[in-house]
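Asker: I am attaching a structure below and will ask some questions about it afterwards.
No value in this document is a laboratory result; all are computed from the given coordinates. Quick caveat, the model's predicted, so the values are computed rather than measured. In this analysis, Cβ positions are derived from the backbone assuming ideal geometry, glycine residues included, and neighbour counts consider all displayed protein chains.
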Amino acid sequence: MRHLIGLGLALVLAAAVYFGAAWGYLRLLRIPVVNGAAATLPAGGGSLLHDKNVLLAFAAVGGTALFAGVCIAAPRISPLAAGLPGLVLLAWTVLYGVSVSRAVHYIPLKGDAFGDGFEAMLFNGVLAAAGLVMIVPLFIPSRWRDSGQPEEAEPYVASTAAGSSSLLSDWTETTPISPQQAPPPSSDRPPW
């Protein structure tokens, strides 16, 4: 059941990467132009905290990164949640390395901001880096096991003839171990 939920989370994460992160990344790449002049700095060199477009783009990229980080780090979530989208991103990057035109051809919604942002992330290597990070849980064996609580081992309990149980109840019955006498040094061996 855990892995089935992981498949559902993988679809949600893939959609978040394609729609949220791609849209935000494209908005962060665009430098606003005032009156047709080329702007050298975003927000005209002022504070980015007051620019609504920049804040929305940061929120989209940051929210996607946070969701991916939770899917990667949370031990109760199946490794499929982050691993499958990561494998797709890596496969797309390999396809880009083999044939750029074919990789760009397969990007859906190419005319929208989502497709353009995804293409920009592909060209800049962001998808390769994200894919490498997202496949890490696939290689951790403990993430594939059931997330139930492990059974605790029973502590050692010594019991006496009277029936009381305690770790120190039979302390009086112990005897110290006497150290063994070391053999006298022989004159045959060198002192070192």
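Asker: Of the trypsin sites (Lys or Arg not before Pro) in segment 108-145, which ones lie in a loop per DSSP and count no more than 12 other C-beta atoms within 10 Å? Mind dumping the intermediate values first?
Answerer: Numbers: sites: Lys110, Arg143, Arg145; in loops: Lys110, Arg145.
Here the trypsin sites (Lys or Arg not before Pro) that fit, given the DSSP loop and packing criteria, are Arg145.
Asker: Do me a favour and compute the ellipsoid semi-axes for segment 74-145 from its Cα gyration tensor, root of five times each eigenvalue, largest one first, whole Å.
Answerer: Details: eigenvalues 146, 30, 17 Å².
Output for segment 74-145: semi-axes of 27, 12, 9 Å.
Asker: Compute the FRET efficiency between Ile5 and Asp51 as 1/(1 + (r/R0)^6), taking r as their Cβ-Cβ distance and R0 = 30 Å, and round to the nearest 0.05.
Answerer: Numbers: r = 38 Å, r/R0 = 1.27.
It comes to 0.20.
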